[in-house]
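The values are calculated or read from the model by the stated rules, or taken from the named source; none is laboratory data. On a predicted model such as this, the values are computed, not experimentally measured, just so you know. FYI the Cβ positions are ideal-geometry reconstructions off the backbone, even for glycines, and counts take in every protein chain you see.
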Amino acid sequence: MSLGAKEGRAKACGKLIIAGEHAVVHGSSALAVPISRGIELECMERPGPLGLSVAPWDLEVVAGDGSLAAVALASLAQSLGVPCEGLFLGGESQLPPRSGLGSSAALAAAAARALVSRLGIEADEAALFEAVQAFERVFHGNPSGLDATVALSGRPVVFRRGQAPRWVLGPLPGFLVVSSGRPGDTRETVAAFAARLAAQPKEGSARLKRIDELVERAVDAVGRGDEAGLGEALSENQEHLAWFGVSNFALDEICSVARQAGALGAKLTGGGGGGCAVVLPGPNEQQVKKALEKAGYEVIADV
C-alpha cells in the first residue's frame, strides 16, 4: 500500500509481527512486515470539534466526547500542533480492529498524514512518529514504537526500542493471517506478560533472551530463503509467548492444527489474548487452509 498524503488524503498499512512481540517492550528486538490491508482517511473542514469516523468499525467520535478514541485523537492533534476543532477525518479500513494487525497505529498514521497535508504543515518522520505514539499510548499504555514504524514506513523491519530501524531486504515468503474469532486486548496482555516476568524473573529473562535470538534467526532465515528455519523460529516463539500467558486456547489450536496439516510454523501475532495468528504454510498452503477452515477458523488474508 502506498504511503504518504495528498490534498488531505492519506493511507497507512497494517502489520504482522513475525517474531518478538511483547519482548520488544522489554528491550528485545522484533521482526515485523507490512500487509497490504490498511486504512485510508480524508481530512475535511467541518464546524465543531475535531472528528473521526471509520465506517466499517462503527467508529464516530469527536474530541472531548470522553471516549478513548477521542482522547487519542486529541493527543495526536496536540502532538502535531493541530487545532482540535474545525476539521473532520473520515474513511475506510480494511483492517479489523483489535486483531493484532496494527489497526490503531495505521489509523493514527493515516490521520496524522491527512491532517498535516490538509493544513499544509511541515512535519518530518520524527514528528509523525511521535504523533502516532501519542495516539497509541492512550490505548496501549507503553507502546514500543514498532507498530508506528511499520505503519509510517510500509517496510519490513527489525525494531529495537531506542535504536534506528534495521530494514529487512529480500523477498518474504507467503503467510496466512488466521482469525481466532475474538478480539484481543493489548493493554491487558502487556500487563499479563510483565506480571509473569516479575513473578519469575530468572526464567522470564532467559526466555526474553531466547526470543531475541529467535528474531535474529528469523531474519537470517529470510535472508537465506530458509522457510523451514523461519517456521521453526515462529513455532518456538509461540511456545515462549504461551508461557508468558498471552496466548489462549483458540490461538494455540490454530497453531496446532496448522502444523499438523503441514505448515512450517505458526504463532500468535500482535498482542494476543485473541486477535490473529500468523501461519507459514510453505508448500502445503491449500491443505493448511482446508484444515483451519474445517476446525472453524477463518483465513482472513494471504500475505
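Structural remarks
- Here Gly204 meets each of (1) under 18 Å from the mean Cα position of the chain (by Cα); (2) assigned to a helix (DSSP H, G or I); (3) more than 24 Å from Ser36 (Cα to Cα) with one exception, condition (1).
- Screening Val190 against (1) surrounded by fewer than 16 Cβ atoms within 10 Å (Cβ to Cβ); (2) under 20 Å from the mean Cα position of the chain (by Cα) leaves a single unmet condition, (1).
- Scanning segment 20-66 for residues that are part of a strand (DSSP E or B), over 24 Å from Glu7 (Cα atoms) and out of contact with any Gly (no Cβ under 9 Å at 6 or more places or on another chain) turns up just one, Val33.
- When Ala242 is tested against (1) surrounded by 20 or more Cβ atoms within 10 Å (Cβ to Cβ); (2) among the small types (Gly, Ala, Ser); (3) under 19 Å from the mean Cα position of the chain (by Cα), just one condition goes unmet, and that condition is (1).
- Residues being surrounded by 13 or more Cβ atoms within 10 Å (Cβ to Cβ), touching a residue at least 60 places away in the same chain (Cβ under 8 Å) and more than 23 Å from the chain's Cα centre (by Cα) - total across segment 283-303: 2
- Residue check for Val157: assigned by TED's automatic domain parsing to the domain that holds Gly51 and either charged (D, E, K, R) or under 24 Å from Arg9 (Cβ atoms) (or both): no
- Exactly one residue among Glu253, Glu232 is in contact with a Leu (Cβ under 8 Å, 6 or more places away or on another chain) and of a type in the set (Asp, Glu), and that residue is Glu232.
- Boolean, Glu136 is crowded, with 20+ Cβ neighbours inside 10 Å and farther than 24 Å from Leu234 by Cβ: yes
- Ala233 assigned to a helix (DSSP H, G or I), among the hydrophobic types (A, V, I, L, M, F, W, C) and farther than 28 Å from Ala191 by Cα: no
- Among the criteria (1) crowded, with 22+ Cβ neighbours inside 10 Å; (2) within 25 Å of Arg259 (Cβ to Cβ), the one Ala151 does not fulfil is (2).
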